[in-house]
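Here the structure comes first, spelled out in structure tokens, and everything after it is commentary.
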Amino acid sequence: MYDVWKNALAEIEQQISAANFSTWFQDTSLISTEDGNIKIGVKNSFYVKQLRNRYLNLIKSALENNNILVNKVDFEVQANIKPKVHSHEVIKDNPIKERIKTIRNNNSNNTTLSNGLNQKYTLDNFIVGSNNDLAVSAAKSIIQSPGTRYNPFFLYGGPGLGKTHLVQAIGNELLRINPNLKIFYTPISHFYSDFIDAIQNGKGKEFNRKFQKLDCLIIDDFQFIVNKEKSQEEFFNIFNDLYQLNKQIIVTSDRLPSQIKSVDERLASRLTWAGAFDLQLPKFEDKCAILKAKADYIGADIEPEAIEYIAENVNTNIRDLEGEFSTILLMSDVRGMTPLELIRNGSVSLNKSSKIRPVSPKQVVEKVAKYYDLSVKELCSKTRVTHIKTARQVAMYLLSNELNLSTNKIANEVGVKDHTTVMHGVKKIDHDLKLNFTLRDQIEEIKEKIYG
Ligand code: ADP
Ligand code: MG
């Protein structure tokens, strides 16, 4: 039994990121396989939901590939599963304060190199979820063959969602595979000040030459280019040169180039020639996975319920999620109480003010209708005319994602009879969003209208 599971796990490990693997699979065991009724042991009930929702098919096929008949898969909570020894065990001996530095990613061992890269950012410690999976798969493709399909790679998203982490990880991975590559990471603001320095010291040409020699240029926070025409021009030249040589260019920004004022239109369009990838706010499951991985990484004990509580209550970004998480761990250390005990006795107050979004379902439906030039009545009608149907599905999607309404309530709000129609509609938009950038922009615009 042990060997079968070991082989199946080895197969699963190939298919998902190291972080996800260690988060969800390392404490599992195979209890029985009789008559195709598979029983898998897990540490606690928290894992059951996650494994079932996210990895059921993967588990099934890994077992089948190891000649195990699979009819049904059940999970069983086994209190006595010992947490596997972590490679971070050494860390465990350190005081919690030191360990937390690792989650906050400012471990003093990790210094920035002269190429601008910081080795603390890896793909292994970047948790993949529905909020970032497309961007991560593009990143992986770049790591395999830089300068080809996703060139330039344009990555955008709000603060604290992992842009810097992901693009730095690409740089680090590229170097790991080929240490001879010339890679340079710089925030655009440094690019700008270095450029000005170079010009003032009569070294403009050298500056330009240095960039032209690169195999991969990573520019972070491009939105700060605003009103810096000279450096924009220089960047444009370097961009064109590198592009023509099939060198990989990576640019991050908090918004699309077309939404940055004073960016040259030609540059704006070139930046997204190969598409634009965004990082979205993590969903509940993504947040749990991130927290769980960080806890495992530093060997901190935190109850699953505490993780769920934090995930539920921090809705701003991943940086804040980490911040709240480490505060609770520290507090737990200082007070000698577990994180859950602290939460239960009311000592933890997660800053909720930024998360309450006081909008009603009616307002959402009205805004969507208005955006698509429809009346609410038209939107809620039974018609199957494509553009009206799409508007209706967008409304369903927003009611589900923004207001967390149940499918039955959504059905009521948009005038459909059946909650399965709602499920289908929400899924459809979720799926389309992955490929359809226009739809993404539309939904962003509608959200802006909704939240004013
Ligand atoms: P941005 O550049 O978008 O503002 P960062 O890359 O600085 O965001 O990310 C903020 C923090 O969140 C960092 O400490 C980063 O390591 C962490 N982080 C972001 N996304 C993830 C993820 N998917 N998995 C693990 N940590 C993440
Ligand atoms: Mg950043």
Could you give the accessible area per residue of region 187-236, probe 1.4 Å, as a whole number in Å²?
54
Which lysines have a Cα less than 26 Å from the Cα of K247, not counting those fewer than 8 places away in the same chain?
K120, K140, K163, K182, K203, K205, K210, K213, K228, K230
Taking all protein chains as present, what is the carbon and sulfur share of the accessible area of the chain, in % to the nearest whole number, probe 1.4 Å?
48
Spatial extent of region 329-441: Rg and Dmax, with the Cα atoms as the point set, Å
19.4, 62
Leaving out same-chain residues fewer than 8 places away, which lysines sit with a Cα under 16 Å from that of K377?
K362, K367, K389, K417
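Starting from 0.36 nm per residue, how many nanometres of slack lie between K389 and K49 once their C-alpha separation is accounted for?
Extra length from K389 to K49 when fully extended: 119.1 nm.
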Got a number for the accessible area of W24? Probe 1.4 Å, square angstrom, nearest 10.
0
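Can you work out the accessible area per residue across region 283-341, with the rest of the protein chains kept in place, probe 1.4 Å, in square angstrom? Please report the intermediate quantities before stating the final value.
On the way: 2290 Å² over 59 residues.
In whole numbers, region 283-341 has 39 Å² accessible per residue.
Under the rule a/c < 1.5 gives rounded, and otherwise a/b versus b/c splits prolate from oblate, where does the chain land using the Cα gyration tensor? Intermediate results must be reported in sequence, preceding the final value.
Working: a/c = 1.63, a/b = 1.16, b/c = 1.41.
Verdict is oblate for the chain.
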Considering only DSSP states other than H, G, I, E and B, which trypsin sites (Lys or Arg not before Pro) in region 236-276 qualify as loop sites with at most 13 other Cβ atoms within 10 Å?
K261
Helix by helix through the chain, keep the DSSP H runs that span 24 Å or more along the axis on Cα and average at least -1.0 on Kyte-Doolittle, and give those back in order.
45-64, 318-335, 419-435
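Could you tell me what percent of the DSSP beta bridges with both partners in the chain are antiparallel, to the nearest 5?
On the way: 4 of 26 bridges.
Once the DSSP bridges in the chain are tallied, antiparallel ones form about 15 percent.
The values are calculated or read from the model by the stated rules, or taken from the named source; none is laboratory data. Quick caveat: nothing in here was measured; it's all calculated off a predicted structure. Cβ sites come from the backbone with ideal geometry, for glycine too, and all protein chains shown count toward neighbours. When the accessible area is computed, the model is the full protein with side chains, heavy atoms only, and any ligands, DNA or RNA have been set aside. Shrake-Rupley method; radii C 1.70, N 1.55, O 1.52, S 1.80 Å.
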